[in-house]
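Engineer: If you scroll down you'll find the structure; I have some questions about it.
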């Protein structure tokens, strides 16, 4: 039987799959995330997810490899993970009181065949104060997250409204991922 291999270092993706009873091998991709500056957000996340999944599929060619990538888009600007405190503060100031879109691209490699898809979710932040932003950045939470916040953690207090898949904002469009894995014979606790 084929194993499921997660090509991600994201603790949130790992936790989601574990929560739903999936057994998998963790093999984070080490590929550098190269974004085409002319690509759409959907193309960016699907391409990055595919790069990660294909890299790991070369190591585990007989298994099913799952890769994913998430970005936040505000005013047509792609926001990845902040490099430092100043960039995190800048991103959070930008998102304060605004609607933005979270895109997660997923790639599943099985027998050399790659299936990619993308999910998008609209999120509106409430207005944030400078002191809230500074305090949040000091927690260290923003630094491994696209858009400098985690909806499932303290950053969830900034969210006024969400339209779409909450799990997508966490980092994995779970309904679609579980459906695709089920079609490949990979099941967890609920299926």
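The values are calculated or read from the model by the stated rules, or taken from the named source; none is laboratory data. These numbers were taken from a predicted model, which means no experiment stands behind them. All Cβ positions, glycine included, derive from the backbone under ideal geometry; neighbour counts span all protein chains shown.
Engineer: Taking the range 180-191, which residues are in contact (Cβ under 8 Å) with a residue 24 or more places away in the chain and surrounded by fewer than 12 Cβ atoms within 10 Å (Cβ to Cβ)?
Structural biologist: 185, 189, 190
Engineer: Here is a further query. How many residues are surrounded by 15 or more Cβ atoms within 10 Å (Cβ to Cβ) and modelled with pLDDT of 95 or more if we restrict to the range 72-89?
Structural biologist: 8
Engineer: List every residue pair whose Cβ atoms sit under 8 Å apart, with the two residues 6 or more apart in sequence or on different chains, where the first one lies in the range 168-179 and is without any contact (Cβ under 8 Å) to a residue 40 or more places away in the chain and the second, anywhere, is part of a helix (DSSP H, G or I).
Structural biologist: Partner pairs satisfying both residue conditions: 175/167.
Engineer: I've got another one for you. Which one of 147, 105 is under 22 Å from residue 9 (Cβ atoms), assigned to a strand (DSSP E or B) and modelled with pLDDT of 95 or more?
Structural biologist: One residue alone meets the criteria, 105.
Engineer: Also: Filter the range 1-32 for residues that are touching a strand residue (DSSP E or B) at 6+ places or on another chain (Cβ under 7 Å), closer than 30 Å to residue 76 by Cα and part of a loop (DSSP other than H, G, I, E, B) and give the result.
Structural biologist: Correct list: 7, 8, 29.
Engineer: Collect the residues in the range 36-45 that are assigned to a loop (DSSP other than H, G, I, E, B) and either over 22 Å from residue 119 (Cα atoms) or under 15 Å from the mean Cα position of the chain (by Cα) (or both), keeping them in residue-number order.
Structural biologist: Of everything in the range 36-45, nothing turns out to be assigned to a loop (DSSP other than H, G, I, E, B) and either over 22 Å from residue 119 (Cα atoms) or under 15 Å from the mean Cα position of the chain (by Cα) (or both).
Engineer: Still on this model: Just one of the numbered conditions (1) closer than 19 Å to residue 15 by Cβ; (2) out of contact with any helix residue (DSSP H, G or I) (no Cβ under 9 Å at 6 or more places or on another chain); (3) at pLDDT below 95 is not true of residue 190; which one?
Structural biologist: For residue 190, the failing item is (2).
Engineer: Before we move on, is residue 48 surrounded by 16 or more Cβ atoms within 10 Å (Cβ to Cβ), in a helix (DSSP H, G or I) and touching a strand residue (DSSP E or B) at 6+ places or on another chain (Cβ under 7 Å)?
Structural biologist: yes
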